[in-house]
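**Student:** Supplied in structure tokens, the structure appears directly below.
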Amino acid sequence: MKEVSESCAVFGIRSNDDVFDRIYYGLYSMQHRGQESAGIATFSDKMRIYKDMGLVSEVFKNRELKGNVGIGHVRYSTTGDSNIENAQPLMINYAKGNFAIAHNGNLTNSDELRTKLERKGSVFMTTTDTEIIAYLIALEHIKTGNFIEGIKNAMNQLKGSYSLTILNKNKVIAVRDPWAFRPLVYGRTDDTHVVASESCALDALDIELVRDVKAGEILIIGNGVESYTGVKEKISHCMFEYVYFARADSVLDGVSAYGVRKNLGRILYEEGHVDADMVIAVPDSGITTAIGYARASGLPYGEGLIKNRYLGRTFILPEQDKRKQGVRIKLNPVRSEVEDKRIVLVDDSIVRGTTIKRIITLLKKFGASEVHVRISCPPIRCPCHYGIDMQTREEFIAKEKTVEEIRREIGADSLVYTSLEGLIEAIGLPREKLCVACLTGEYPIRKEQMRLRL
């Protein structure tokens with residue numbers, strides 16, 4: 001893919017003791033959100049920061065940073081190239097001091113903002129949205145003399161998705177965009193306060209989930225916890241977080257990802273019943289939905305595909321040739337489970353179609369008599385501008401093909417997607433609080449909202 005945007009994880013913590021180990025494990029628990037680079041920034045007497053390309057376990061082998069307050073980040077590039085310059089957190093030095101910032105999301109007006117800042121003399125060292133956000137905050141801080149007012153003023157200019165953790169001296173500041181596209185949660189236990197992209201990071205640290213960071217909220221964790229409200233917009237939680245991106249044991253805006261996926265399995269059975277012998281999943285993201293389908297249908301659930309646990313998701317490998325190779329070494333069928341059986345194969349989505357086509361070919365090669373594909377996400381036809389790696393129409397197999405044409409192309413015996421109504425029922429939130437733009441083309445942020453005075 002030519003242009004990609006940010007789907008990452010952010011983390012922030014303040015405690016009475018050193019926090020490096022807890023940032024490490026918090027990021028480790030959210031490694032599924034990004035495997036290109038990892039970084040941690042801490043503060044005690046001064047700011048300390050380390051980041052590099054690779055997984056959390058690789059980047060921080062034999063390394064530790066002192067400090068009782070800090071933030072962390074794992075990255076999958078959506079805006080900006082995949083290189084060390086774009087790794088986060090990003091530290092900014094300016095007239096008022098310095099701060100570190102980590103970002104999950106994608107700005108839709110980044111080009112306009114970059115041009116505006118360059119005209120004012122800003123020199124960019126990265127190609128990420130994060131640096132744009134950081135420069136805006138710094139400029140507005142200088143202008144107002146107050147760091148929080150600087151964040152508020154910056155938020156008035158930002159369009160798109162952003163969940164931020166900011167390390168400002170001995171404070172962690174969490175910021176969530178006014179549409180609440182990307183998840184951000186807050187938890188605490190005794191003297192420890194944590195913000196993270198997903199609640200599974202809190203569970204890993206035995207931190208109690210208190211609540212989600214609200215849309216447009218600025219949450220300041222210092223000696224106490226303060227909350228400020230920034231811009232207000234229409235809530236638009238990304239449906240794809242529930243279907244695929246979040247870890248199944250996470251709770252996002254009060255909704256269990258596991259529960260949603262189990263509901264999707266039941267609804268898929270109701271909408272796409274077929275005579276079959278066994279239900280299997282494309283691991284890992286299809287497993288919960290397949291269990292839901294099996295329970296609703298009464299069919300046995302089997303482990304028909306074995307996953308190589310040491311290879312990351314093919315969906316979030318940044319280049320198509322790497323994805324193709326990833327599929328070949330990632331999954332292998334179990335002949336004794338699939339041979340001479342009519343299989344219901346459950347997966348979360350079809351974006352490009354390359355992965356599912358290869359899997360069907362493999363299953364039939366290993367003796368499956370029929371492969372009936374059931375997909376928990378409705379057909380994806382439109383680009384995502386808010387932080388999932390789907391930004392050009394040309395990559396979507398459903399762009400101009402009917403379901404029957406897709407079925408023929410991937411080689412399935414039948415193909416059923418969950419309906420849009422079924423998806424919304426499974427999530428359990430009102431449609432007006434969900435972003436389904438990649439399915440419908442109805443974008444929460446209109447073009448006229450993105451214009452700036454340059």
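The values are calculated or read from the model by the stated rules, or taken from the named source; none is laboratory data. Since the model is a prediction, treat every value here as computed from it, not as a measurement. Glycine also receives a Cβ, built like all others from the backbone with ideal geometry; neighbour counts cover every protein chain displayed.
**Student:** Can you tell me which residues in segment 285-303 are in a helix (DSSP H, G or I) and either within 28 Å of the chain's Cα centre (by Cα) or closer than 17 Å to PRO333 by Cα (or both)?
**Tutor:** Of everything in segment 285-303, those that are in a helix (DSSP H, G or I) and either within 28 Å of the chain's Cα centre (by Cα) or closer than 17 Å to PRO333 by Cα (or both) turn out to be ILE287, THR288, THR289, ALA290, ILE291, GLY292, TYR293, ALA294.
**Student:** So, in segment 180-233, of the ones that are among the hydroxyl-bearing types (Ser, Thr, Tyr) and touching an Asp or Glu at 6+ places or on another chain (Cβ under 9 Å), which residue ends up farthest from ASN170 (Cα to Cα)?
**Tutor:** So the residue we want is SER199.
**Student:** Taking only pairs six or more apart or across chains, which ones have beta-carbon atoms under 7 Å, a first residue in segment 164-185 that is under 15 Å from VAL231 (Cα atoms) and among the basic types (Lys, Arg), and a second residue that is at pLDDT below 95 and surrounded by fewer than 24 Cβ atoms within 10 Å (Cβ to Cβ)?
**Tutor:** Going by the 7 Å Cβ cut-off, there are no qualifying pairs.
**Student:** Could we say that PHE124 is touching a Cys at 6+ places or on another chain (Cβ under 7 Å), in a loop (DSSP other than H, G, I, E, B) and either in the same structural domain as TYR28 (by TED's automatic domain parsing) or among the polar types (S, T, N, Q) (or both) here?
**Tutor:** Spelling it out, it is not the case that PHE124 is touching a Cys at 6+ places or on another chain (Cβ under 7 Å), in a loop (DSSP other than H, G, I, E, B) and either in the same structural domain as TYR28 (by TED's automatic domain parsing) or among the polar types (S, T, N, Q) (or both).
**Student:** Look at segment 283-300 and say how many of its residues are in contact with a Leu (Cβ under 7 Å, 6 or more places away or on another chain) and modelled with pLDDT under 95.
**Tutor:** Number satisfying all stated conditions: 1.
**Student:** Sticking with this structure for a sec: Does any residue in segment 34-61 that is assigned by TED's automatic domain parsing to the domain that holds GLU198 and on the phi > 0 side of the Ramachandran plot come within less than 9 Å, Cβ to Cβ, of a residue that is among the hydrophobic types (A, V, I, L, M, F, W, C) and assigned to a helix (DSSP H, G or I) six or more places away or on a different chain, and which pairs are these?
**Tutor:** Pairs found: none.
**Student:** Quick check on this structure: which one of ILE287, ILE221 is closer than 20 Å to PHE11 by Cβ, aliphatic (A, V, I, L, M) and surrounded by 19 or more Cβ atoms within 10 Å (Cβ to Cβ)?
**Tutor:** Of ILE287, ILE221, the one residue that is closer than 20 Å to PHE11 by Cβ, aliphatic (A, V, I, L, M) and surrounded by 19 or more Cβ atoms within 10 Å (Cβ to Cβ) is ILE221.
**Student:** Could you pull out the residue among SER163, SER110 that is assigned by TED's automatic domain parsing to the domain that holds TYR28, closer than 21 Å to SER7 by Cα and buried (at least 24 other Cβ atoms within 10 Å of the Cβ)?
**Tutor:** SER163
**Student:** Shifting gears a bit: Looking at segment 315-351 only, could you name the residues that are touching a helix residue (DSSP H, G or I) at 6+ places or on another chain (Cβ under 8 Å), at pLDDT 90 or above and either over 21 Å from GLY302 (Cα atoms) or among the hydroxyl-bearing types (Ser, Thr, Tyr) (or both)?
**Tutor:** If the condition is that a residue be touching a helix residue (DSSP H, G or I) at 6+ places or on another chain (Cβ under 8 Å), at pLDDT 90 or above and either over 21 Å from GLY302 (Cα atoms) or among the hydroxyl-bearing types (Ser, Thr, Tyr) (or both), then SER349, ILE350 are the ones that fit.
**Student:** Is it true that some residue in segment 151-162 is within 23 Å of GLY67 (Cα to Cα) and touching a strand residue (DSSP E or B) at 6+ places or on another chain (Cβ under 8 Å)?
**Tutor:** Checking segment 151-162: not a single residue is within 23 Å of GLY67 (Cα to Cα) and touching a strand residue (DSSP E or B) at 6+ places or on another chain (Cβ under 8 Å).
**Student:** List every residue pair whose Cβ atoms sit under 9 Å apart, with the two residues 6 or more apart in sequence or on different chains, where the first one lies in segment 269-286 and is more than 26 Å from LEU420 (Cβ to Cβ) and the second, anywhere, is small (Gly, Ala, Ser) and crowded, with 24+ Cβ neighbours inside 10 Å.
**Tutor:** Listed by first residue and then by second, the contacts come to MET278/GLY304.
**Student:** Turning to a different aspect of this structure: Check whether at least one residue in segment 39-53 is polar (S, T, N, Q), crowded, with 20+ Cβ neighbours inside 10 Å and more than 18 Å from the chain's Cα centre (by Cα), and report yes or no.
**Tutor:** Taking every residue of segment 39-53 in turn, at least one turns out to be polar (S, T, N, Q), crowded, with 20+ Cβ neighbours inside 10 Å and more than 18 Å from the chain's Cα centre (by Cα).
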